[in-house]
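Notes follow once the structure below has been shown.
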């Protein structure tokens, strides 16, 4: 294959290798990503990740739904039950949220669906009691202290040396705005 022609797989491997090298050497890197040109399940928006990890509670037995794109480019909704929560590979990626949710699918036609999904891919279904409870229903995890919220985050504000990759200069500015 000529060097000017790159397959989608080799581009993804190159992207991951570059990101891993930058993280290992504690240096910055930039990723230009067009989701319509090449959907990559390894690259997700930071806000989507943070919302799923810090604001969503899931437990074994909880019901969820998940959207899938079909061969005809339409979207189909599948439902299932969370059967377990744990690291996909606890040795190589401990405490990773990547495919950390084990699921059972409702439909027999969902057999080709993967048995593990990532937290940001699912939409937990919550049921509310018929009568108001004296206790508040708290479905969200508290936002960790010291971490900024994400409104107004701009390109170039990311850094590997700071919480969630936000540059120290931008972090101070956000912290000053959000006491």
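Observations, loosely collected:
Okay, residues lined up against (1) within 15 Å of residue 121 (Cα to Cα); (2) in a helix (DSSP H, G or I); (3) at pLDDT below 90:
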{"position": "34", "(1), (2), (3)": "no, no, yes"}
{"position": "38", "(1), (2), (3)": "no, no, yes"}
{"position": "52", "(1), (2), (3)": "yes, yes, yes"}
{"position": "60", "(1), (2), (3)": "no, no, no"}
{"position": "65", "(1), (2), (3)": "yes, no, no"}
{"position": "71", "(1), (2), (3)": "no, no, yes"}
{"position": "77", "(1), (2), (3)": "yes, no, yes"}
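- Subset of the range 50-101 [in contact with a helix residue (DSSP H, G or I) (Cβ under 6 Å, 6 or more places away or on another chain) and either exposed (fewer than 13 other Cβ atoms within 10 Å of the Cβ) or without any contact (Cβ under 8 Å) to a residue 40 or more places away in the chain (or both)]: 78
- In the range 13-22, residue surrounded by the most Cβ atoms within 10 Å (Cβ to Cβ) [restricted to those that are farther than 23 Å from residue 121 by Cβ and at pLDDT below 85]: 18
The values are calculated or read from the model by the stated rules, or taken from the named source; none is laboratory data. Just so we're clear, the structure is a prediction, and the values are computed from it rather than from any experiment. Because the Cβ atoms are built from the backbone with ideal geometry, glycine has one as well, and the counts that use them run over all protein chains shown.
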